[in-house]
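The next block holds one structure in the form of structure tokens; read it before the comments.
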Amino acid sequence: MKCQPLNSKGLRRGRLTRWIAKDGSFFNISGCAVENQVKFATCTLLGAALTWWNGQIRTLGPEAYAMTWEVLKKKMTDKYCPQGEIKKLEIELWNLKVKGIERCQHDTE
């Protein structure tokens, strides 16, 4: 907790991505053992994300902590960033890039 891990209270849009990236960086920097990564990451959950995780524990039992960090990331992405939402974000990003390019072209004319 000294490292002040990011909690995932109110996960939405890019917040989950940032949470995953920060925890992943922490694991690499600290040398966190693979078998402890899910335990560490899930102890930073609050609110709806914590409720979701508690449901995973009820469903999977102690095996919930045996899942890998990759599996946890996939489960959380499926839950909080459904494919349709990801597609909308990709389209939004593409439109911002295209508008930015069009704006730059108009500025040079």
Of all residues in the range 27-41, how many are closer than 19 Å to Asn54 by Cβ and of a type outside the set (S, T, N, Q)?
4
Do we have any residue at all in the range 47-61 that's assigned to a loop (DSSP other than H, G, I, E, B) and either modelled with pLDDT under 85 or in contact with a strand residue (DSSP E or B) (Cβ under 8 Å, 6 or more places away or on another chain) (or both)?
no
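The values are calculated or read from the model by the stated rules, or taken from the named source; none is laboratory data. Remember, it's a predicted structure, so these values are computed and weren't measured experimentally. Ideal geometry is used to build each Cβ from the backbone, glycine not excepted, and the neighbour counts take in all protein chains shown.
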